[in-house]
1. Simple spin-label model, 7 Å along Cα-to-Cβ: ARG19 to MET59 in nm?
2. Per the Debye formula with a single identical scatterer at each Cα and no solvent contribution, what log10 I(q)/I(0) holds for segment 12-60 at q = 0.16, 0.25 Å⁻¹?
3. Run the simple label-point estimate for CYS46 and SER11 please: 7 Å along Cα→C-beta, distance reported in nm.
4. By a straight-distance test (C-alpha under 20 Å), which aspartates and glutamates pair with LYS25 as possible cross-link partners, with residues fewer than eight away in the same chain excluded?
5. With θ set to phi - 60° and the Karplus curve 6.51 cos²θ - 1.76 cosθ + 1.60, what are the ³J(HN,Hα) couplings of segment 38-51 in order, to the nearest whole Hz, using x for Gly and Pro?
6. Give me, ordered by chain and number, the residues 5 or more places off ARG9 or on other chains with an amide H under 5 Å from its own placed amide H.
Amino acid sequence: LHTSGHNPRHSQDQRWRQRMMHKFKYYVEKFQKTSCVGCGRCMRTCPVDMNLAEMLTAMAR
């Protein structure tokens, strides 16, 4: 959501995908590290109760 109130991604799944791609793909490609700050938001809202932090750490190995 922009400060203007405009939301460029209309559905929640589009917003979720953008958030994950930004934190774990685009940012990593540019800076060689994730932009995860460890807040746990992704784990609290995951519809299948996955621990994304653990999963992504394992995938990186």
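Derivation of every value follows stated rules applied to the coordinates shown; laboratory data play no part. Since the structure is predicted, the reported quantities are computational estimates derived from the model, not experimental observations. Here Cβ is always computed from backbone atoms with ideal geometry, including for glycine, and neighbour counts include all displayed protein chains.
1. Result for the modelled spin labels: 1.6 nm.
2. Debye curve over Cα of segment 12-60, log10 I(q)/I(0) at q = 0.16, 0.25 Å⁻¹: -0.44, -1.06.
3. Each label point lies 7 Å from its Cα, and together they span 2.2 nm.
4. Within the straight-line cut-off, LYS25 pairs with ASP13, GLU54.
5. x, 6, x, 4, 5, 6, 5, 9, 5, x, 10, 6, 7, 8
6. none
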